[in-house]
Amino acid sequence: MVVLAGLAAGWIDAVVGGGGLLQLPVVMLIPGLTPVQALATNKMGSVFGTATSAATYVRRVRPDLRTAAATAAVALAASFGGALVAAVLPAAVIRPVILVALVGVAVFTAVRPQLGHSQQLKFTGAAHLVRALLIGLVIGFYDGVLGPGTGTFLIIALVTVLGYDFLHGSATAKIVNLCTNLGALAFFLPQGHVVLGIGLVLGVSNLLGGYIGARMAIARGSGFIRVVFLVVVAALILRLGWDTLAPLLG
């Protein structure tokens, strides 16, 4: 189950993000793991896949590395701040806001079939960079507080705010998401929360899934990514919707 979840999650993450929706619940089923160990071990597996897909995108798509690196640095710092907030703010407070945002994203993407098919940058120079940094700040903070769908949110922000196509949006999102995952591991590893044996098995399968997913996304282009994006957003809505409503239903 761990190997299959790692393969599938790596593929999903490489194309549109959101692989943690599949991978983390499977890791949490492993007997003897605490929730913190499951989260930490899941992050270790994700780093392998994200690094592989990011490297594949960089070689073949050649995204704007200056924008990607600056956004990643801000997102890394913001994710630390989000983690601090998460320690005192219940996730139940955040989920309804994210759920509403996801529904809006799904409707917006569905009714605009040409969105993200071609790259038409809306800003240049400092204006472009400032908006990219704000994206890194907001979504990096979200990744620290809650996390599910971080890659998906990055892609839609890069497409709608900056004017990237889905392919270049995915490439840039992978670089940023890699840094937020590394930031989490920088905390989890010294604390001893990562179960290394499981993490390495998960990492190898995630790596393979990420490589296949990135190559498939590059080969099939933005139209393919858009379809997968809508499917993953729908899954995110269902998952967060259930997490939000389940406590109310008793």
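The values are calculated or read from the model by the stated rules, or taken from the named source; none is laboratory data. In this text, all values refer to a predicted model and were calculated from it rather than measured experimentally. As a convention, Cβ positions derive from the backbone with ideal geometry for all residues, glycine included, and neighbour counts pool all protein chains shown.
With the range 1-81 as the region, which helices (runs of 4 or more DSSP H) entirely inside it contain at least 2 residues that are more than 25 Å from Met216 (Cα to Cα) and touching a residue at least 24 places away in the same chain (Cβ under 8 Å)? I'd like the intermediate steps shown before the answer.
Details: elements: 2-15, 20-28, 35-60.
Helices (runs of 4 or more DSSP H) meeting the threshold: 35-60.
The single residue among Arg95, Arg60 that is surrounded by fewer than 21 Cβ atoms within 10 Å (Cβ to Cβ), at pLDDT below 70 and among the basic types (Lys, Arg) turns out to be Arg95. Counting the residues of the range 105-145 that are buried (at least 21 other Cβ atoms within 10 Å of the Cβ) and not in a helix (DSSP H, G or I) gives 1.
Just need a number here: residues in the range 176-203 that are within 20 Å of Leu33 (Cα to Cα), touching a helix residue (DSSP H, G or I) at 6+ places or on another chain (Cβ under 7 Å), assigned to a helix (DSSP H, G or I) and modelled with pLDDT of 85 or more. Residues that pass the stated criteria total 5. The residue of the range 121-155 that is nearest to the chain's Cα centre (by Cα), among those that are aliphatic (A, V, I, L, M) and within 25 Å of Leu39 (Cα to Cα), is Leu154. Note on the range 1-57: residues that are buried (at least 24 other Cβ atoms within 10 Å of the Cβ) and over 20 Å from Ala173 (Cα atoms) amount to 2.
Take Thr160 and decide whether it is assigned to a helix (DSSP H, G or I), within 24 Å of Gly213 (Cβ to Cβ) and modelled with pLDDT under 80. No, not satisfied. Of all residue pairs spaced 6 or more apart or on separate chains, those with beta-carbon atoms under 9 Å, a first member in the range 215-235 that is more than 18 Å from Ser53 (Cα to Cα) and a second member that is of a type in the set (Ser, Thr, Tyr) are Leu230/Thr109; Val233/Thr109; Val233/Thr152. When we screen Arg215, Arg239 for residues that are of a type outside the set (A, V, I, L, M), surrounded by fewer than 24 Cβ atoms within 10 Å (Cβ to Cβ) and either at pLDDT 85 or above or not in a helix (DSSP H, G or I) (or both), the only hit is Arg215.
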